[in-house]
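Worksheet: one structure, shown below.
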Amino acid sequence: MSKIKVLPDSLANKIAAGEVVERPASVVKELLENALDAGAHSINVEIEDGGKRLIRVVDDGEGMTRDDAIIAFERHATSKLRSADDLEAINTLGFRGEALPSIAAVSRLFLRTKTAHDNEGTKVEFNGGKLIAVRDIAWPGGSEVEVRDLFFNIPARRKFLKSDATESFHIANLVQHYALANPQLAFLLVNNGRDVIRVTPANSLKERAYQVLGAALLDKLVEVDGEANGLQVSGFASNPQEQRSSRDAQYLFINRRFVRDQLIGRALTEAYRSMMPSGYYPAAVLFIEAPHSEVDVNVHPAKTEVRFLHEGAVLAFVRDSVSSALRSTHPITQVPGVSRANRETIEEPRSWGVEGQRGWGADEQRGERLQPGVSSTARSQAIVSTMKSMPTGGSRDDTVRHDTKFAEAKSPAIERDQEKSTDRVRVEVSEQPKQECRVESPATVQLVSQTSSPEANTLPGFGHGIKPLGQIRDSYIVATDEEGLLLVDQHVAHERVLFEQFRDARLARSSGLQPLLIPATLDLTPAEVEAFSIVQAELENIGIETMQLSGRTIAIKTAPAGLSSSDVLAVVRELLAVIERERRSFTIESIRDEIAAELACKAAIKINMPLTSEKMQWLIDELMKTQNPMTCPHGRPILMRMGLRDIERGFKRPV
């Protein structure tokens, strides 16, 4: 007797349903896409118990005739494909004809529908994949699909569903995605009788983003718009100060199809490579339009993944478009503001918009975690009220190493002996740990548009003529301009300057190269040998010349000026480790950025280093010439702002 048998249709449908219907959100996705393909202008979604008990999707689309309503539940029955040629350019959200039969196989399903030309509507009822009844009904038009008791006939699958709250979250997230993708439509999501999402038709994506995401996030987004070689990208990406621990805030769409695409996610990561710390992700709402013939959407049963014909071109296009948008704005981190008690006594002007937008909002609302034991009031008072001018003598630590690149750029005035620099201003903070002066967590930010300017100190967001006043703990430069007070982390500021010089090869090798008296040797593992062969040419371009010794040992003969042999060894080791971690996603550009970032970190001036006023002025001027003066190559903030209005409000002066 033959061992191989054809499965009964009921069992085959349940197996197929397991691929399409993963959880209640999968049902909502399929029904939403059908409604969108039907030309709906308004879509209402109602759920109960996280979608396990009830999912109802009502639309005002074109509806179906009686015959179509019945045949729609046949497997692979669809109105969206006619021939194999149509697979070459799919321009609808659904096309397989698997959604309705798969959902009907694992639930109790009711379909009510009517076209504009029919006098009567049609009701179709299924129970566990079996057709129960088809009858005529009175119906205004469009379609309603009601799904009850999901997985009632597959208890094994039902017990693996998460809690009602988790399943509701996934459904809300899905509806939110499609509401963003279709700003011209109205969406309503009701969960257990409570409105979760209710948006009316919007005139633009920005207006819809305001409806869905709120003003707090919208104020931190930068508009992205690019077009090249048949590709288009539009939408918004967050400024580098808005950092998330996951990709949940990334809304990605390919030809208006919501996807979870690793390629676009990688392009976003590369765009923020030198602006955001590792392990953090930006928020984004991006729409990529590509020729339908160059996008394969038929690679996943749930259609949540796509493949591109020219992946490299798409990655580079999205990365460059986002990078260009980010360079057009300079987000400034705000110094944490006054406490809640003080803020309640000050009348907030209504024109200031959302509370906390300029750095004075409640700490709980903006999600900022302050250092233990240090309140917002203490920070602002430590910076403002304890500022004193104190002439100083010489350097506090003669053993501090100064970077040779910094020294080469000195003007004759800078070369004056520090012992005679009696006009220097120093700001000392009361006995608080040094790390309490640094704010590296994402803070409330202010977006300032960039315009081209030949002057280093007239970038948007800054007043004319930034003037240094002194240092805090020989680590943070206090400066002022027409807009208020600025705090500059001198180490990461110089790191940004050197990073862009190394990356753009503005330092001539002839003047920035030093031979090592004793070559530094490095023993490599077999995997590191392969990684080293990839980066050897880039290392030599930056001034790190090597030669092969016996076995897997290499010798480093030269180094960029200002770096010791131990620094160069550390740079090479870290670079090889990065290539090992990112061996599937690294590019030549990312290698160059990584080399430049490591070199800049080693060569930059350090904290606890006294600087003369001339050196501080030089550093600020050079920083303002960089493409991104707001964050270091590793994503930490360089500047913090306390605006004049903020200071006046802190002292309870009328503003």
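The values are calculated or read from the model by the stated rules, or taken from the named source; none is laboratory data. Please read all numbers here as calculations on a predicted model, not as lab measurements. Here Cβ is always computed from backbone atoms with ideal geometry, including for glycine, and neighbour counts include all displayed protein chains.
Taken together, 172, 181, 186 contain a single residue that is at pLDDT 95 or above, closer than 23 Å to residue 43 by Cβ and not hydroxyl-bearing (Ser, Thr, Tyr), which is 186. When residue 268 is tested against (1) over 23 Å from residue 291 (Cβ atoms); (2) touching a residue at least 40 places away in the same chain (Cβ under 8 Å); (3) not in a loop (DSSP other than H, G, I, E, B), just one condition goes unmet, and that condition is (1).
Residues in the range 276-291 that are out of contact with any helix residue (DSSP H, G or I) (no Cβ under 8 Å at 6 or more places or on another chain) and on the phi < 0 side of the Ramachandran plot: 276, 277, 278, 280, 289, 291. Only residues that are of a type in the set (A, V, I, L, M), over 23 Å from residue 304 (Cβ atoms) and either in a strand (DSSP E or B) or touching a Ser or Thr at 6+ places or on another chain (Cβ under 7 Å) (or both) were counted in the range 94-148, giving 7.
Exactly one residue among 174, 185, 189, 205 is over 18 Å from residue 58 (Cα atoms), of a type in the set (A, V, I, L, M) and surrounded by 16 or more Cβ atoms within 10 Å (Cβ to Cβ), and that residue is 205. Within the set 115, 122, the sole residue that is touching a residue at least 12 places away in the same chain (Cβ under 8 Å), hydroxyl-bearing (Ser, Thr, Tyr) and touching a Gly at 6+ places or on another chain (Cβ under 6 Å) turns out to be 115. The single condition among (1) over 21 Å from residue 312 (Cβ atoms); (2) hydroxyl-bearing (Ser, Thr, Tyr); (3) within 15 Å of the chain's Cα centre (by Cα) that residue 269 does not meet is (1).
Note on the range 35-74: residues that are of a type in the set (Ser, Thr, Tyr) and either farther than 20 Å from residue 126 by Cα or under 39 Å from the mean Cα position of the chain (by Cα) (or both) amount to 1. Inspect all residues belonging to the range 183-200 and state whether any of them is among the acidic types (Asp, Glu) and not assigned by TED's automatic domain parsing to the domain that holds residue 291. Yes, the range 183-200 contains a residue that is among the acidic types (Asp, Glu) and not assigned by TED's automatic domain parsing to the domain that holds residue 291. Of the residues making up the range 516-536, just one is in a loop (DSSP other than H, G, I, E, B) and either surrounded by 17 or more Cβ atoms within 10 Å (Cβ to Cβ) or under 34 Å from the mean Cα position of the chain (by Cα) (or both), namely 524. A search for C-beta distances below 7 Å between a residue of the range 637-649 that is surrounded by fewer than 19 Cβ atoms within 10 Å (Cβ to Cβ) and any residue that is of a type in the set (A, V, I, L, M, F, W, C), counting only pairs 6+ apart in sequence or on different chains, returns 645/655; 647/384; 647/485; 648/655.
Restricting the range 98-123 to residues that are farther than 16 Å from residue 24 by Cα and among the basic types (Lys, Arg) leaves a set whose member that is surrounded by the fewest Cβ atoms within 10 Å (Cβ to Cβ) is 123. Residue check: residue 290 meets all listed conditions (1) in contact (Cβ under 8 Å) with a residue 12 or more places away in the chain; (2) in contact with a strand residue (DSSP E or B) (Cβ under 7 Å, 6 or more places away or on another chain); (3) surrounded by fewer than 19 Cβ atoms within 10 Å (Cβ to Cβ) but one, namely (3). In the range 132-145, of all residues being touching a residue at least 60 places away in the same chain (Cβ under 8 Å) and closer than 19 Å to residue 13 by Cβ, the one that is surrounded by the most Cβ atoms within 10 Å (Cβ to Cβ) corresponds to 145.
Take the conditions (1) out of contact with any Gly (no Cβ under 6 Å at 6 or more places or on another chain); (2) buried (at least 18 other Cβ atoms within 10 Å of the Cβ); (3) at pLDDT below 90; residue 627 misses just one of them, which is (2).
Looking at the range 247-262, is at least one residue more than 19 Å from residue 205 (Cα to Cα), surrounded by fewer than 19 Cβ atoms within 10 Å (Cβ to Cβ) and in contact with a His (Cβ under 9 Å, 6 or more places away or on another chain)? No, the range 247-262 contains no residue that is more than 19 Å from residue 205 (Cα to Cα), surrounded by fewer than 19 Cβ atoms within 10 Å (Cβ to Cβ) and in contact with a His (Cβ under 9 Å, 6 or more places away or on another chain).
Condition check ((1) among the hydrophobic types (A, V, I, L, M, F, W, C); (2) surrounded by 15 or more Cβ atoms within 10 Å (Cβ to Cβ); (3) at pLDDT below 95) across all residues:
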position: 2; (1), (2), (3): no, no, yes
position: 9; (1), (2), (3): no, no, yes
position: 22; (1), (2), (3): no, yes, yes
position: 32; (1), (2), (3): yes, yes, yes
position: 79; (1), (2), (3): no, yes, yes
position: 82; (1), (2), (3): no, no, yes
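Of all residues in the range 565-593, those satisfying the criterion of being of a type in the set (S, T, N, Q) and modelled with pLDDT under 80 are 585, 587, 590. Taking the conditions exactly as written (touching a residue at least 40 places away in the same chain (Cβ under 8 Å), within 21 Å of residue 74 (Cα to Cα), not assigned by TED's automatic domain parsing to the domain that holds residue 237 and not in a strand (DSSP E or B)), does residue 171 satisfy them or not? Here the answer is no, as residue 171 does not meet what is asked.
Within the range 320-333, identify whether any single residue is modelled with pLDDT under 70, touching a helix residue (DSSP H, G or I) at 6+ places or on another chain (Cβ under 8 Å) and not assigned by TED's automatic domain parsing to the domain that holds residue 258, and answer yes or no. So far as the range 320-333 goes, no, none of its residues is modelled with pLDDT under 70, touching a helix residue (DSSP H, G or I) at 6+ places or on another chain (Cβ under 8 Å) and not assigned by TED's automatic domain parsing to the domain that holds residue 258.
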